[in-house]
Structures are given as C-alpha cells and as structure tokens.
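Enquirer: Have a look at this one.
What follows is calculated from the coordinates using simple rules that are stated; it is not laboratory data. What you are looking at is a predicted structure, and each value in this text was computed from that prediction instead of being measured. Heads up, the Cβs are rebuilt from the backbone with ideal geometry, glycines too, and the neighbour counts pull from every protein chain shown.
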Amino acid sequence: MDIVRGNNLLICGSFWSRACVQPTSATMTLRYRDLQEHVQTAVVNLAYNTETHKWTGSWDTSVAGPCRVDWVVQSAGALLAAAEGNFNIVANLANGATPDCHWACGEQFGG
C-alpha cells in the first residue's frame with residue numbers, strides 16, 4: 001500500500017489470540033527513513049475506544065521521506081497479540097492533498 005507523504009496514518013484495530021484479547025495497553029512501532037535518509041523509529045501509543053471496541057492511533061507521515069515503512073503492532077498484558085507488515089510513503093509533487101489514510105480499520109492484530 002502507498003500513502004502520500006504528509007497525510008496522517010490512522011490506525012484502528014482489535015487484538016486476537018484465538019479469541020478477542022483485551023490488553024492493558026497497545027503500541028505501534030514504525031521504522032522509517034527521515035528526510036535526511038537517517039533511519040528513525042516512532043512509537044505510537046494506541047488508545048482503546050470503548051464505543052467501537054477498537055484500539056486507535058495516528059502517525060504524521062510528514063516526518064518521513066519517501067521510503068518503505070516497517071511496522072509492528074503489539075499488545076501488552078497477560079495475553080499478547082501482535083502483527084507486522086510494511087507500507088510505502090510516496091512523495092510525488094504531482095500528488096495534491098488527499099484525505100487522511102484510514103488504514104487497518106477493522107484489522108485483527110494477532111492470530
């Protein structure tokens with residue numbers, strides 16, 4: 001998946017480990033290259049939404065240059081669940097402003 005640089009990555013999902021897991025906390029760790037091509041790590045603390053029963057967070061992609069971003073989402077507590085993957089940040093001057101990327105909404109982290 002490609003995300004245009006400058007948009008917010010919106011994270012939304014629930015945790016599973018054979019059944020729905022209600023962790024005490026959750027994070028998404030992202031590894032990317034900044035505008036000077038240095039490797040950086042960002043940790044997004046996810047918040048639990050009691051209405052949707054989903055963990056949510058956001059990350060501003062403007063801190064990254066065009067690159068591949070590797071990520072891992074992890075829960076904390078007695079039952080651990082995690083998922084990992086990657087996406088691309090693209091920076092094409094022909095791309096205008098686009099709405100925030102709603103990514104991973106409804107995603108089930110873990111397995």
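Enquirer: Give me the number: length gained by fully extending Ser58 to Arg18, i.e. 0.36 nm times residue separation minus the C-alpha to C-alpha distance, one decimal in nm.
Expert: Additional length available on full extension: 11.7 nm.
Enquirer: List the trypsin sites (Lys or Arg not before Pro) within the stretch 1-93 that fall in a DSSP loop (any state other than H, G, I, E or B) and whose Cβ has at most 16 other Cβ atoms within 10 Å.
Expert: Arg18
Enquirer: Further question on the same structure: What whole-number volume per residue, in cubic angstrom, does the convex hull of the C-alpha atoms of the stretch 2-92 give?
Expert: Expressed per residue, the convex hull around the Cα atoms of the stretch 2-92 is 89 Å³.
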